[in-house]
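The values are calculated or read from the model by the stated rules, or taken from the named source; none is laboratory data. On a predicted model such as this, the values are computed, not experimentally measured, just so you know. With ideal geometry, Cβ positions are generated from the backbone for all residues, glycine too; neighbour counts draw on all protein chains shown.
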């Protein structure tokens, strides 16, 4: 399945049971693999680091759970719970302004 990322912004997301989950605000991409990892249901652009981590933990859908992408996005049943484990790695490079984003997967 291929689609322009720009078309995903603002799309409605529903569970496969028909429950409305929200709209796509941001898209998280693994640039090394060239793959979409998550769709966020809240903007993380202006959020602080702590808010961004909370949003990623509580307000995202794993892209691998997307089952259909037409006029709306349909995700598998497990994705509607929106509870994902969050285990950020602590790296000495974080002090230099660089962060480890392993918690996005």
If you go through 24, 36, the only one that is modelled with pLDDT of 95 or more and under 19 Å from residue 6 (Cα atoms) is 24
Given the conditions (1) modelled with pLDDT under 60; (2) surrounded by fewer than 10 Cβ atoms within 10 Å (Cβ to Cβ), report the number of the one that residue 80 does not fulfil. (2)
Within the range 28-57, how many residues are surrounded by fewer than 16 Cβ atoms within 10 Å (Cβ to Cβ) and within 17 Å of residue 12 (Cα to Cα)? 1
